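The values are calculated or read from the model by the stated rules, or taken from the named source; none is laboratory data. Because the structure is predicted, anything quoted here is derived from the model rather than measured. Quick note on the areas: whole protein, heavy atoms, side chains included, nothing else; ligands and nucleic acids left out. Shrake-Rupley method; radii C 1.70, N 1.55, O 1.52, S 1.80 Å.
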Amino acid sequence: MTELTTERRKALRAAAHHLDPVVSLGQHGLTEAVLKEIDRALKAHELIKVKLHGIEREDRDQILASICATLACEPAQHIGNILILWREKPAEAPAPKKTSPARRTAQPKTKKQAAAAAEKPRRRSIR
């Protein structure tokens with residue numbers, strides 16, 4: 001993954017300002033379940049906040065580095081006990097085109113509509 005430019009990092013920090021943390025890290029630290037939840041959130045949102053509860057200042061940088069290495073994401077910001085992570089969404093394969101069901105010819109509802117339909121010549125499709 002490429003390193004974020006200063007301009008891109010600044011834009012991501014501004015976009016993350018109004019976000020609420022979607023994942024919280026607690027006393028058990030960085031577990032497999034927490035990594036899966038962060039991965040799921042990154043797939044859905046691209047830019048997320050992670051809140052760290054009760055984790056020492058020295059350990060926060062190690063946790064951030066470990067998350068980024070494991071999940072191939074980039075740190076946008078680390079301020080206090082909040083981590084802002086970014087990972088570009090993978091391009092989704094285009095959905096298969098839906099075919100429309102065959103059209104039904106509507107039955108006339110009144111005698112007047114039936115007479116108008118009888119007078120009108122029917123179009124035939126050439127195949």
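Here's the list of lysines a cross-link from residue 111 could span, going by alpha-carbon distance under 16 Å and ignoring same-chain residues fewer than 8 apart: 120.
Accessible surface calculations at 1.4 Å, restricted to protein heavy atoms, place region 1-40 at 75 Å² per residue.
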